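Read-outs throughout are calculated quantities, based only on the coordinates presented, and are distinct from any laboratory measurement. Predicted, not measured: the structure shown is a model, and the values here were computed from it. Counting neighbours? That spans all protein chains shown, and the Cβs are built from the backbone with ideal geometry, glycine included.
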Amino acid sequence: MNDQAQALRKLVQSQQSGRTTRIITVTSGKGGVGKSNFTLNFALSLQAKGYKVLVFDADIGLANIDVLMGVSPKYNLYHLLKKEKTIWEIVQKGPGELEFIAGGSGFQDLIRLSEEELDYFSEQIGQLNGYADFLIFDTGAGLSKETLKFILAAQETIVVTTPEPTSITDAYAIIKMVHAMEYNVKFQLVVNRVTDPNEGKHTANKISLVAKQFLQLDIPTLGYVSDDPLVSKAVKKQVPFSVAFPNCPASKDLQELVNRFDHGLPAPEPEQQSGVKGFLSRMIRLMK
């Protein structure tokens with residue numbers, strides 16, 4: 001009964017907030033670039049600025065947001081798709097009361113939903129409309145069918161890369177492939193594990209210049225994050241580095257990055273195009 005009452009309060013809260021939830025996907029061209037770690041600490045830094053954030057772990061087979069937080073979620077997307085739990089019952093909490101939804105094996109089932117199951121999924125996810133300022137999807141590395149759907153439906157994607165040549169090449173390949181599908185996706189770059197700001201700027205410029213020359217796309221750079229040994233130490237402790245070491249170089253870089261992101265927030269789009277409702281309508285079209 002208490003769970004039902006709490007779910008009802010959350011539903012009323014989301015409907016009365018008047019906010020438009022901004023949907024963001026975070027992806028990378030290859031694994032091992034620190035994408036999930038960035039997503040988690042980016043979300044925590046946004047929350048520290050007063051925003052309400054919900055993280056959705058959409059990395060099929062390699063979902064690890066919960067591991068990075070040292071949390072064992074009781075429920076995940078699978079329980080929602082099987083109608084065993086409601087959307088509010090699968091929302092879990094991590095450090096700093098950050099709310100997240102664990103993907104588990106649920107995303108593999110997501111692309112095989114029947115019409116009735118898809119309707120239920122949409123109705124449940126739709127309840128998140130207005131609940132948070134940001135709904136951030138941590139997608140899988142590379143351009144799988146599932147990752148592609150989230151990128152196209154969200155229409156706003158942060159691409160995480162590193163200065164390694166293969167990482168740069170794969171990051172550009174994702175941008176090029178999505179652009180070829182003629183969807184209006186807004187990309188921003190984050191260069192992780194840089195030795196200094198000049199390396200970050202040089203890496204970002206490589207991608208931006210090629211995208212401008214061959215795709216006629218402007219790809220802004222959101223920021224750079226230092227190659228900081230304390231990040232690895234935090235991972236081993238299963239504590240987000242921005243929490244474990246708030247004054248380390250990587251945490252300071254992230255704070256600057258989030259400030260830049262915050263100052264660049266655009267005016268809300270018309271309701272039918274933005275928020276959870278717009279995301280769902282695009283996602284459903286992509287699934288059919």
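Report the net charge of residues surrounding VAL159, where surrounding means a beta-carbon distance below 12 angstrom and charges are Lys +1, Arg +1, Asp -1, Glu -1. If you can, show how the numbers build up before the last one.
Working: positive: LYS30, LYS35, LYS176, LYS186; negative: GLU156, ASP170.
Net charge around VAL159: +2.
Counting pairs of alpha carbon atoms under 8 Å apart in space and at least six apart in sequence, what relative contact order in percent does the range 170-288 give? Before the final figure, lay out the partial values.
Numbers: 109 pairs, mean separation 22.8, N = 119.
Result for the range 170-288 is 19 percent.
What ranking do 244-255, 21-32 get when scored by the average of other Cβ atoms within 10 Å per residue, highest first? Before the final figure, lay out each step's value.
On the way: 244-255: 18.2, 21-32: 22.5.
Peptide ranking by packing, descending: 21-32, 244-255.
Mind sorting HIS263, HIS202, HIS179 by how few other Cβ atoms lie within 10 Å of their own Cβ, fewest first?
Working: HIS263 7, HIS202 13, HIS179 17.
Ascending number of Cβ neighbours within 10 Å: HIS263, HIS202, HIS179.
Straight distance only, please: which aspartates and glutamates reach the Cα of LYS52 with their own Cα at less than 12 Å, same-chain residues fewer than 8 apart left out?
GLU97, GLU99, ASP133
If you place +1 on the Cβ of every Lys and Arg and -1 on the Cβ of every Asp and Glu, how big does the dipole about the Cα centre of the chain come out, in debye to the nearest 20? Each step should come with its number before you reach the end.
Details: 31 positive and 31 negative charges, 29 e Å.
Rounded to the nearest 20 debye, it is 140 debye.
Against the longest alpha carbon principal axis of the chain, how many degrees, from 0 to 90 and to the nearest 10, is the axis of helix 115-126 turned?
Around 70 degrees separate the two axes.
Provide ILE90, ILE168 in ascending order of the number of other Cβ atoms located within 10 Å of each residue's Cβ, fewest first.
Ascending number of Cβ neighbours within 10 Å: ILE168, ILE90.
Sort 137-148, 213-224 by packing, meaning the average of other beta carbons within 10 Å per residue, with the highest value first. Walk me through the intermediate numbers first.
Working: 137-148: 20.3, 213-224: 15.7.
Going by the mean number of other Cβ atoms within 10 Å, highest first, we get 137-148, 213-224.
So what's the Cα pair-distance distribution over the chain, bin width 10 Å, in %?
For the chain, the binned pair fractions read 6, 30, 38, 21, 5, 0 percent.
Within the set LYS30/LYS186; LYS30/LYS212; LYS35/LYS186; LYS49/LYS83; LYS82/LYS149, which residue pairs have Cα atoms separated by over 25 Å?
Details: LYS30/LYS186 20 Å; LYS30/LYS212 22 Å; LYS35/LYS186 18 Å; LYS49/LYS83 35 Å; LYS82/LYS149 21 Å.
As for pairs spanning more than 25 Å Cα to Cα, those are LYS49/LYS83.
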